[in-house]
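Just so it is clear, none of the values below were taken in a lab; they were calculated from the coordinates. As the structure is a prediction and not an experimental result, all values here were calculated from the model. We place every Cβ from the backbone using ideal geometry, glycine too, and count neighbours over all the protein chains shown.
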Amino acid sequence: MNDLSASPALIERLKSAVGERNVITDDHGREPFENDWRGQFHGRAAAIVKPASTDEVARVVQMLAKERVGIVPQGGNTSLCGGSVPDASGRQVVVNLSRMNRVRAVDPANNTMTVEAGCVLATLQQAADEHDRLFPLSLGAEGSCEIGGNLSTNAGGTGVLRYGNTRELVLGLEVVLPDGRVWDGLRALRKDNTGYDLKHLFVGAEGTLGIITAAVLKLFAKPRSQATALVAVESPDAALKLLAKLRESVGERVTGFELISRICLDLVFRHIPNTRDPLGCASAWYVLVELSDSTQGSTLDNLLEQALGSAAEAGLATDAVLAASDTQRKALWALRENVSEAQKLDGVSIKHDVSVPVSRVPEFIERASAALLKKFPDIRIVAFGHMGDGNVHYNCGKSQADQASRFYGESPEVNHIVYEVVNDLNGSISAEHGLGVLKVDEIKRYKSALELDLMRAIKKTLDPDGIMNPGKVL
Ligand SMILES: Cc1cc2nc3c(=O)[nH]c(=O)nc-3n(C[C@H](O)[C@H](O)[C@H](O)COP(=O)(O)OP(=O)(O)OC[C@H]3O[C@@H](n4cnc5c(N)ncnc54)[C@H](O)[C@@H]3O)c2cc1C
């Protein structure tokens, strides 16, 4: 990409493509699109452009490509790695997809829906529900993140254990390529072995290969019964054994298995109104377990109660509370889903979204914590995550806000300690949030030269001028 910025003439052309009010150039109007959710990444864009159709996206991209202006695709702007904000040059243009928010079609017999990239995740869950189906992607940001962003980050969340991450929920894509051509890959097929599966290039590409404008998503049978419990366990190792035991006794009905450390719950109780400890005594660790079944009247509560009873006898669970109503179920999930928000309200911390083989999660937590405590004896480790997927959110800080801000300067050393353990366990330094700008340098240490070469070759083929989300991922 060269240094050309969006000239006044280009801004006028963009306005003619999408309408004057959908090109935002004033400081105040641009501000929400230039800063990330955590308040850690701040950029400055030449303009924010909000197209409402695939055709408009294509025209906008053609105009920007012609002048080699950097394009930052953006959905709900909930990225946790700075992927969705422009750099500080004032030259890049943010293309925000939020106005492309139509559900184009639902096909219950094919168990699919075709949706536009700017649909908010929660509205898609609702659209599926209205057709008596489930769209299982679920994460803490679901009220504001958009499906284009979910696809571009290959988002995970709490349903991965049973349904897979976003990559596994998509059958087809429509993408505006960096030169403005539209690839119509909106096929709703479960079998299609006709060469390279191109859609997977764009899933998880974080907007570096093109702009996703629409997708065909898989739908599933709605769960008719659910049983949910918060279970106190002594250690991550006990949690791992509990997971194995549950899978032996209730198999695929285990749809959620979230590990939560006590510190997480304390932060939630401190910062999130109307939350309380549903168990009498504090424990160092907990798991939020959920079983689901698509058959009506199934006796999941009994199954879970029995399974937890035998886990307690085996010394794997020390206490548990089962949700007796949907309200109680939601209250238990709120404890888990509010951990990120509570942490944000508590102050800064050095975050890690890592994965290791499920069987090695306890070893990761033990080794990383020991190494960090040796170097930083008063560190506060806030660990939680999707244990059933081997994904730990492993956040490091201090209990006092002023100390925490200073400690943030230790990020390189803290990251190094954590990522070396991850690497040693054949894990990944980004399980579900992506690389964005946050990990763009770090990844060079942990991906092989060959893998990076292949990634660069793909980027060069699709985006030879490097205009798509410059500075992210590679
Ligand atoms: C409270 C909270 C909880 C979260 N929990 C989870 C979690 O459990 N699991 C998880 O995986 N993530 C989680 N996240 C991170 C975030 O919500 C996800 O990464 C989400 O998928 C981003 O969607 P978005 O629409 O906000 O995308 P954005 O933040 O706008 O963009 C994310 C990336 O995708 C690119 N992009 C966006 N739209 C498009 C498009 N149409 N075409 C091409 N590229 C595009 C952007 O350039 C950027 O690189 C959480 C975030 C918050 C704030």
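Quick notes on this structure:
- Summary value for the stretch 1-114: 31 percent relative contact order, contacts being C-alpha pairs under 8 angstrom separated by 6+ residues.
- Taking amide H atoms as placed 1.01 Å from N in the peptide plane, the amide H of Cys145 lies under 5 Å from those of Leu121, each 5 or more residues away in sequence or on another chain.
- Percent RCO, i.e. relative contact order, over the stretch 368-471, from Cα pairs under 8 Å lying at least 6 residues apart: 17 percent
- Footprinting exposure proxy for Trp333, Trp285 (fewest neighbouring C-beta atoms within 10 Å first): Trp333, Trp285
- Per-bin percent of Cα-Cα distances, the stretch 1-134 [10 Å]: 12, 38, 30, 15, 5, 0
- Relative contact order (%) - the chain, alpha-carbon pairs under 8 angstrom, separation at least six: 15 percent
- Using alpha-carbon coordinates, inclination of helix 449-462 to the longest axis of the chain, degrees: 40 degrees
- For the chain, alpha-carbon Rg relative to the globular expectation (2.2 N^0.38 Å, N residues): 0.99
- In degrees, nearest ten, helix 121-130 long axis to first principal axis of the chain (Cα): 70 degrees
- Ellipticity at 222 nm from helices only: DSSP H runs of n ≥ 4 in the chain, each -39500 (n - 2.57), divided by the residue count, give -10500 deg cm²/dmol.
- Counted charge near Ala371, where neighbours are those whose Cβ lies closer than 13 Å (Asp, Glu -1; Lys, Arg +1): -2
- Residue exposure proxy: Leu332, Leu169, Leu373, ordered by other Cβ atoms within 10 angstrom of their Cβ from fewest to most, comes out as Leu373, Leu332, Leu169.
- Tilt relative to the chain, helix 54-66 - C-alpha long axis, 0 to 90 degrees, to 10: 60 degrees
- Each residue, His131 and Ser53, gets one label point 7 Å from its Cα in the Cβ direction; the gap between the two is 2.3 nm.
- Extension gain for Ala401-Arg102 works out to 103.4 nm (0.36 nm per residue, less the C-alpha to C-alpha distance).
- Of the chymotrypsin sites (Phe, Trp or Tyr not before Pro) found in the stretch 150-207, the ones in coil according to DSSP and having at most 10 other Cβ atoms within 10 Å of their Cβ are Tyr196.
- Once the chain from Ser249 to Ser16 is taken as fully extended at 0.36 nm per residue, the excess over their C-alpha distance is 77.7 nm.
- Of the trypsin sites (Lys or Arg not before Pro) found in the stretch 1-81, those that fall in a DSSP loop while having at most 15 other beta-carbon atoms within 10 Å are Arg68.
- Shape call, the stretch 396-474: gyration tensor on alpha carbons, a/c limit 1.5: oblate
- Among His271, His386, sorting on how many other beta-carbon atoms sit within 10 Å of each Cβ, with the fewest leading, yields His271, His386.
- Shape of the stretch 275-423, Cα gyration tensor, a/c cut at 1.5: prolate
- Simple label model, 7 Å out from Cα along Cβ direction - Arg187 to Glu234, nm: 5.4 nm
- For the stretch 37-91, the equivalent ellipsoid built from the Cα gyration tensor has semi-axes of 22, 14, 8 Å, listed from largest to smallest.
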